[in-house]
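Enquirer: Dropping the structure in here first, questions after.
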Amino acid sequence: MKLEYLPIDTGNGVIWNRLFDTSWAMLWFFLFAAWIWLTISVVSDLFGSKSSGPAKAGWVILILPFPFLGVLIYLLVNGDSMHERAVADLTSMGKAQRDYIREAAGTGPSTSN
């Protein structure tokens, strides 16, 4: 039984077209993955914020039917507070970790920031 291979046409820039198509597909895949990450970040920040229930419902109602517009507006309106909440969360987690390590090592609770 003889295996037949697909012919590879190297003329007229076919290889460059395939390379361009592959690069273009990789770019779109990266942008899609970044979009998913950004949307998850916005939704998790939305539910982690101290906004009122109706305000959160309003954001969800805006983000669900118009995801690009809703996420963009949310980032423009609440981008600074998203950063502040993320820094506060990381700071508190770091302090809790240091306290736990000191407690486990037997050196007492943390007295510094």
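Enquirer: Report the trypsin sites (Lys or Arg not before Pro) located in region 28-102 that are in a DSSP loop and have at most 11 other Cβ atoms inside 10 Å of their Cβ, or state none.
Expert: Within region 28-102, the qualifying trypsin sites (Lys or Arg not before Pro) (loop, at most 11 other Cβ atoms within 10 Å) are Lys50.
Enquirer: Tabulate in residue order the Karplus-calculated ³J(HN,Hα) for region 78-89, using 6.51 cos²θ - 1.76 cosθ + 1.60 with θ = phi - 60°, rounded to whole Hz; enter x for Gly and Pro.
Expert: Karplus-based 3J(HN,Hα) across region 78-89 equals 10, x, 5, 5, 4, 5, 4, 5, 5, 5, 5, 5 Hz.
Enquirer: Please list, in order along region 55-61, the HN-Hα scalar couplings obtained from phi with the Karplus expression 6.51 cos²θ - 1.76 cosθ + 1.60 (θ = phi - 60°), rounded to whole Hz, x for Gly and Pro.
Expert: 5, 5, 4, x, 5, 5, 5
No value in this document is a laboratory result; all are computed from the given coordinates. Treat the numbers as computed from the prediction; the structure is a model and nothing was measured. All Cβ positions, even for glycine, are placed from backbone atoms using ideal geometry, and neighbour counts span all protein chains on display.
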